[in-house]
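Visitor: Have a look at the structure that comes next, please.
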2 protein chains.
Amino acid sequence: MKTKIGILGYGNLGRGVEQAVLRNEDMELVAVYTRRDPASVKTVSGVKTVSTDVLDQGTEDLDVLVICGGSATDLPEMTPKYAAMYNVIDSFDTHANIPQHFANVDAAARAAGKIGIISCGWDPGMFSVNRLYSLSILPGANAYTFWGKGVSQGHSDAIRRIPGVLDARQYTVPVEAALEAVRSGRNPELTTRQKHTRLCYVVAEDGADKAAIEKAIVTMPNYFADYDTTVNFISMEEMKRDHSGLPHGGSVIVTGETGSTGNKHVVEYKLTLDSNPEFTGSVLAAYARAAARMNQAGDSGAKTVFDIAPALLSPLSGEQLRHDYL
Amino acid sequence: MKTKIGILGYGNLGRGVEQAVLRNEDMELVAVYTRRDPASVKTVSGVKTVSTDVLDQGTEDLDVLVICGGSATDLPEMTPKYAAMYNVIDSFDTHANIPQHFANVDAAARAAGKIGIISCGWDPGMFSVNRLYSLSILPGANAYTFWGKGVSQGHSDAIRRIPGVLDARQYTVPVEAALEAVRSGRNPELTTRQKHTRLCYVVAEDGADKAAIEKAIVTMPNYFADYDTTVNFISMEEMKRDHSGLPHGGSVIVTGETGSTGNKHVVEYKLTLDSNPEFTGSVLAAYARAAARMNQAGDSGAKTVFDIAPALLSPLSGEQLRHDYL
């Protein structure tokens, strides 16, 4: 019996989940659900598109619904709503609002006898798991998280909203000296500016005031003002040729001590990803498998990556896992 | 209520577990159990030493017994025996015999209503968990494991058995070119010789035939013959000054693809450890916490790191974990 997956929302992440499901032989992609006119949405795999009006009836034959929406407004509403009907999983990443989101999903999922996994992907997600493992093994250790080199879509969008900008791509870049200082085990105190730089590629309208655009970027509060930011103006052709991908990655580095003599230990988990949405979609697919299994075993309620034993992510049996991976 | 820990066996690993328990404020070290005369064993922490004759009565007030014995002969006998009386955890690492060991511990632990975690540490252990996570996220990916730079005690012991050798230390060293080839995502096929080299420091007896010792090392089957091995003769003073530690580490590198266009992803988990036994002991302590909790929740039987949700390793509540680490 294949695990029947539905995808809600068909942006970059929804397409990433679609690709991941295609590579998991024990999964079946049932449909992409959309708030748009289904006839207007063509899927890469050719799987059918279905209106959310149909999904809302709660009668779709799904083991897990993967909810691919934005954390600002979509997921706080969608995930509890659908957790009352289906096992669900999302990638909610607004950190300050996780307690409220967890509580809302937990209440809905428990009442329905369903599983709702929230905040899944790589950060939050695999990075969180690595922080937890390493900090549990090394009490009193310090965890540092670096992002990049990779495209930040939020920062790219912020630049695109500046008058005179036709297109933009922003790369978050970790500072190599900061990475080395952390790896040395010296436990440096690092400011925002010391950890990451921001590298921007901008296509300006003909005749636009490039100096004004650059100033608008580097002084933008929250997004750029606290960072060393470099702005490069390029042509639309260069943008399409050199910056069409969505690479990302980063490192979680935990440094701690053991013993009476203070032996040092460094644990580094590093991701280098050609496609942020395809990797995130792949994490969601593996955890969707876990959601279906936990629910089949009688469990319900909200879960995070912390609550899920790694064996549940794999299609292999316990015996196979011990043989192949232990 | 603190988690009451007993340690069976007081070699390097037992002392590493002792140091780890001292740094976990929710744990209490009850005793070190030994097959030797307890009066002859002085612990670093001053905790009492108790004969295994007492432990064998099955009446010690322990939440978890951490069994620090050798995989060749100690653990196959000890872990099932004590799983019939206590929650237990070991670091069994003879890969081919894991199915039998798991079955033996499972039968004993189930019958007694206890938990028996086997094969815990960093490899098997944290490396295994990372292979499982990454290979579940990226179906069809390749996992490469490199060890070192670090001291292999088995290889050091093998050199010490050669006539004319007073002391020896063997470092396993990963080949940087192999690491780079793997990180590139090219999925190289690597021979044993291409992945690691072996670096030996040897103290010879006065007048010993160094050429004969070197030949005995580099041609030793299983241990050295398949590797590029370097032998350095040093003085006993140099050995004590420069090679008294037990550093180790290594990397698990998983490379895989997603999507229809074959986007590449590299996941690397890297350990750099000043003290192999103290880090291994720290992993055992965290999983001992999990063993106690799983048993309190009514679970029993043999488990590996694959079966244990990461949250169980931490003394923090689910709410705190989501706030601090997610």
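Visitor: Just to be sure I understand: if you take the accessible area of chain B alone plus chain A alone and subtract the pair, with a 1.4 Å probe, what total do you get in Å², rounded to 100?
Guide: Accessible area lost upon association: around 5700 Å².
Visitor: Let me make sure I get this right: for region A:211-269, a, b and c are the square roots of the gyration tensor eigenvalues over alpha carbons, sorted descending. Under 1.5 in a/c it's rounded, otherwise prolate if a/b > b/c, else oblate. Which is it?
Guide: oblate
Visitor: Output, in nm with one decimal and in ascending order, the distances from the B:Ser40 label point to the matching label points of the other copies (7 Å from Cα along Cα-to-Cβ).
Guide: Values, ascending and in nm: 8.4.
Visitor: Here is a follow-up. List for region B:290-326: residues with 20 Å² or greater reduction in accessible area, all protein chains versus chain alone, probe 1.4 Å?
Guide: Listed in order, they are B:Thr304, B:Phe306, B:Asp307, B:Ala309, B:Pro310, B:Ala311, B:Leu313, B:Leu321, B:Arg322, B:His323, B:Tyr325, B:Leu326.
Visitor: Can you list the copy-to-copy distances for A:Pro221, using a point 7 angstrom from Cα toward Cβ, in nanometres, shortest first?
Guide: The answer, with the shortest distance listed first, is 7.5 nm.
Visitor: Same structure, new question: Tell me which GluC sites (Glu not before Pro) from region B:167-234 have a DSSP coil assignment and no more than 13 other beta carbons within 10 Å of their own.
Guide: Those that pass, being in a loop and sparsely packed, are B:Glu189, B:Glu205.
Visitor: Additional query: Considering Cα pairs under 8 angstrom that are at least six residues apart, work out the relative contact order of region B:109-199 and quote it in whole percent.
Guide: 22
Visitor: Using a Förster distance of 25 angstrom, determine the FRET efficiency expected from the C-beta separation of A:Asp56 and A:Asn97, and round it to 0.05.
Guide: The value I calculate is 0.55.
Visitor: Would you mind checking which residues have amide H under 5 Å from A:Ala302's amide H? H placed 1.01 Å from N; only 5 or more apart, or other chain.
Guide: A:Asp106, A:Arg110, A:Gly116
Visitor: Per-residue Cβ counts within 10 Å, from other chains only, averaged over A:222-229: what number is that?
Guide: Per residue, the average neighbour count from other chains is 0.
Visitor: Filter chain A for me: DSSP H helices, axial length by Cα at least 15 angstrom, mean Kyte-Doolittle hydropathy not below -0.5. List them by residue number.
Guide: A:12-23, A:98-112, A:126-137, A:276-296
Visitor: With just the Cα atoms defining each centre, how far is region A:139-179 from region A:233-279? Give it in Å.
Guide: Value for the Cα centre distance between the two parts: 11 Å.
Visitor: Over the heavy atoms of B:Val151, what accessible area does a 1.4 Å probe trace out, to the nearest 10 Å²?
Guide: 10
Visitor: Are there GluC sites (Glu not before Pro) in region A:1-56 that DSSP marks as loop and that have at most 14 other Cβ atoms within 10 Å, and which are they?
Guide: When the GluC sites (Glu not before Pro) of region A:1-56 are filtered for loop state and at most 14 Cβ neighbours within 10 Å, A:Glu25 remain.
Visitor: Where both partners of a DSSP beta bridge lie in chain A, what percent of those bridges are antiparallel, to the nearest 5?
Guide: Beta bridges within chain A, antiparallel portion: roughly 50 percent.
Visitor: Next up: For region B:60-131, what % of the accessible area comes from carbon and sulfur atoms, probe 1.4 Å?
Guide: Result for region B:60-131: 49 percent of the exposed heavy-atom area is carbon or sulfur.
Visitor: Once you place label points 7 Å from the Cα toward the Cβ at A:Asn142 and B:His323, how far apart are they in nm?
Guide: Each label point lies 7 Å from its Cα, and together they span 2.3 nm.
Visitor: Count the net charge of all other residues whose Cβ sits under 11 Å from the Cβ of B:Ala285, scoring Lys and Arg as +1 and Asp and Glu as -1.
Guide: -1
Visitor: Then there's this: Express the carbon and sulfur contribution to the solvent-accessible surface of region B:158-314 as a percent, rounded to the nearest whole number, probe 1.4 angstrom.
Guide: Roughly 47 percent, rounded to a whole number.
Visitor: Note down the net charge around A:Pro247, summing +1 for each Lys or Arg and -1 for each Asp or Glu among other residues with Cβ under 13 Å from its Cβ.
Guide: Net charge around A:Pro247: 0.
Visitor: OK, next. Which percent, nearest 5, of DSSP beta bridges in the protein assembly as shown are antiparallel?
Guide: Within the protein assembly as shown, antiparallel bridges account for around 55 percent of the total.
Visitor: Could you report region A:1-84's accessible area per residue, 1.4 Å probe, as an integer in Å²?
Guide: Using a 1.4 Å probe on heavy atoms only, each residue of region A:1-84 averages 45 Å².
Visitor: On to the next question. Report, ordered by chain and residue number, the lysines lying within cross-link reach of B:Lys114, taken as a straight Cα distance under 29 Å and ignoring same-chain residues fewer than 8 apart.
Guide: A:Lys303, B:Lys2, B:Lys4, B:Lys48, B:Lys81, B:Lys303
Visitor: For n ≥ 4 DSSP H runs only, could you compute -39500 (n - 2.57) per run for the protein assembly as shown, divide by its residues and tell me the 222 nm figure to the nearest 500?
Guide: When only DSSP H runs of four or more count, the value is -10500 deg cm²/dmol.
Visitor: Per residue of A:235-243, what is the mean number of Cβ atoms on other protein chains within 10 angstrom of that residue's Cβ?
Guide: Taking the mean over all residues of the peptide, I get 0.
Visitor: Right, another one. Could you name the aspartates and glutamates in cross-link range of B:Lys270, using Cα to Cα under 19 Å and dropping any fewer than eight places away on the same chain?
Guide: Once the sequence-local aspartates and glutamates are set aside, what remains near B:Lys270 is A:Asp123, A:Glu176, A:Glu180, A:Glu257, A:Glu268, B:Asp123, B:Glu176, B:Glu180, B:Glu278.
Visitor: Okay, next question. In nm, what does the list of distances from B:Thr192 to its counterparts in the other copies look like, shortest first, when each label sits 7 Å along Cα to Cβ?
Guide: 5.4
The values are calculated or read from the model by the stated rules, or taken from the named source; none is laboratory data. Fair warning: this is a prediction, and the values are worked out from it, not measured in the lab. Ideal geometry is used to build each Cβ from the backbone, glycine not excepted, and the neighbour counts take in all protein chains shown. When the accessible area is computed, the model is the full protein with side chains, heavy atoms only, and any ligands, DNA or RNA have been set aside. Shrake-Rupley method; radii C 1.70, N 1.55, O 1.52, S 1.80 Å.
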